[in-house]
1. Quick one: which of Leu384, Leu438 is assigned to a helix (DSSP H, G or I) and within 18 Å of His359 (Cα to Cα)?
2. Could you count how many residues in the range 407-448 are open to solvent by less than 40 Å² (accessible area, probe 1.4 Å), touching a residue at least 40 places away in the same chain (Cβ under 8 Å) and polar (S, T, N, Q)?
3. Looking only at the range 416-465, count every residue that is more than 20 Å from Thr316 (Cβ to Cβ), hydroxyl-bearing (Ser, Thr, Tyr) and over 29 Å from the mean Cα position of the chain (by Cα) and tell me the total.
4. Filter the range 186-226 down to residues that are over 27 Å from Glu375 (Cα atoms) and outside any helix (DSSP H, G or I) and give me whichever is farthest from the ligand (Cβ to nearest atom).
5. All but one of (1) assigned to a strand (DSSP E or B); (2) closer than 15 Å to Ile133 by Cβ hold for Val93, so report the exception by its number.
6. Considering every residue within the range 339-355, establish whether at least one is of a type in the set (Ser, Thr, Tyr) and either in a helix (DSSP H, G or I) or at pLDDT 85 or above (or both).
7. What number of residues in the range 15-46 are exposed (fewer than 10 other Cβ atoms within 10 Å of the Cβ) and modelled with pLDDT under 50?
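The values are calculated or read from the model by the stated rules, or taken from the named source; none is laboratory data. Just so it is clear, the structure is predicted and the values come from calculations on it, not from any experiment. No Cβ is skipped: glycine too gets one built from the backbone with ideal geometry, and neighbour counts run over all protein chains shown. Surface accessibility is based on the protein's heavy atoms, side chains included, excluding ligands, DNA and RNA. Shrake-Rupley method; radii C 1.70, N 1.55, O 1.52, S 1.80 Å.
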Amino acid sequence: MMKRQNRAAVLALCVFSAFAVVDTQTRVTAPSNKYSAADDVKLGREAAQEVRQQMPMLNDDRVDDYVDRIGERLAQQVPAEFQHREFDYTFDVVNLAEINAFALPGGPMFAHRGMLEKAGSEAEIAGVLAHEISHVALRHGTAQASKAGKYQMGQVGAAIVGAIIGGGWGEAVSTVGQLGFGAAFLRYSRDYEKQADLLGAQIMARSGYDPRAMATMFQRIEKESGGRAPEWLSNHPNPGNRAAYITKEAQALRVTNPVNDTRDFQTVQSRLAQMSPAMTSEEAARRAKNGNTRTGTGSTARPSGRVAAPSTRYTTYEEGGLFRISVPSNWREMASENNVTFAPEGGYGAIDNQNVFTHGVQIGLSRNERHSLQEATDEILASLAQSNRGMSRPSGYTRGTIGGRDALRTVVANNAETGRERLTVYTTQLQDGTLFYLIGVAPEGEASAYDSVFQRVATSIRFTR
Ligand SMILES: [Zn+2]
């Protein structure tokens, strides 16, 4: 009697371990979130609609079905504590060449064609999808928005769309157009990245995929990028030792008989190879001539560069109950969901549908976690450098104060489409750790004249909450 029971137990264990032994896995806890699951669904649905309108969708049933099948298989294995009955996991393929993928709150997910083309196996595709599914299940998008401040749903939605279409997708010509709140929503923190890796590994194992494929896919992405940070890493930063901890988790999960269906995978890859090659995001953005200017200036004309000298009289603005700032009276205020820009007539406009400004200042907030001010500043500069290929490294940091808080000032040169310019970046951290930044922009030839203006503007800042 005892023996038979034991044997039954051993048999049950064997069957189970064909997929995963779950007792030694890392415990993942969803971060706090002040939005409801229904908010996630609403935000994600609206953003997805916009994405489908603005980004080039592959619209190939065979490829879409294949990605759907992998995605569904994984989504069914989201652990019970992270399931939300309103969520609907959907998968679309975007016809762009980069290795990239992104998830919207509530379930809509998008994989770039380049990710399918460059993957070495179905399990590697599953690795990327499981990672994205985990961001959705853990509600990272709105958790991040919760930390960023007191934004209305509409602002959050616009910021998410802006971050994908205005930022991640379009290779911005703009000086600072894509930086701001929007970037913060999709650019997950390293903590969230690690959570998505670990939960993703667990979901893979539960679905019968070897989680180590996620690690090899991420290594592939880093290798492909050839030095320059690929889009994937700009939204999904490597928390450090990524491959090592995924491999460790995979060992704890022990998938002994992993899915290895290469036939469908090869069929899909050769199907993609027969199609005309996907454009890069940069090409696609250039061709998308009729996109709307969503944020900022509202002007579609190129900045003329003919700009009146900054008035010596200053006007004070109150921004969102957060801070007060004084700027030259002949600068116009242009608020967007991402940031606020003050610039003179002729010093702002649009190039290739990207808002740009050649003279003036832009102020915004950026989510920031457990970083020192200098690290947070470096992160802002790195984001800036992604959309400004001609940007130099900072030469150094000067310490000072803004609104009574410790601040850094750093100067970088930039080779913009409108000519050589100088960016003066002021940063400070707010009480909740959020990074507050002010970026002054002026053409190199006028930079010294604008120095004192930027300094006076920065000094005028008073935090009001
Ligand atoms: Zn991620």
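1. After ruling out the rest, the residue left standing is Leu384.
2. 4
3. The qualifying residues number 1.
4. Ranking the candidates gives Gly208 first.
5. Evaluating Val93 over (1) assigned to a strand (DSSP E or B); (2) closer than 15 Å to Ile133 by Cβ leaves (2) as the failure.
6. no
7. Residues meeting the conditions: 1.
Yes/no per residue for (1) in contact (Cβ under 8 Å) with a residue 24 or more places away in the chain; (2) among the polar types (S, T, N, Q); (3) within 16 Å of the ligand (Cβ to nearest atom); (4) open to solvent by 10 Å² or more (accessible area, probe 1.4 Å):
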residue: Val93; (1), (2), (3), (4): yes, no, no, no
residue: Ala103; (1), (2), (3), (4): yes, no, yes, no
residue: Pro108; (1), (2), (3), (4): yes, no, yes, yes
residue: Ala111; (1), (2), (3), (4): yes, no, yes, no
residue: Ala119; (1), (2), (3), (4): yes, no, no, no
residue: Glu122; (1), (2), (3), (4): yes, no, no, yes
residue: Ala126; (1), (2), (3), (4): yes, no, yes, no
residue: Ala130; (1), (2), (3), (4): yes, no, yes, no
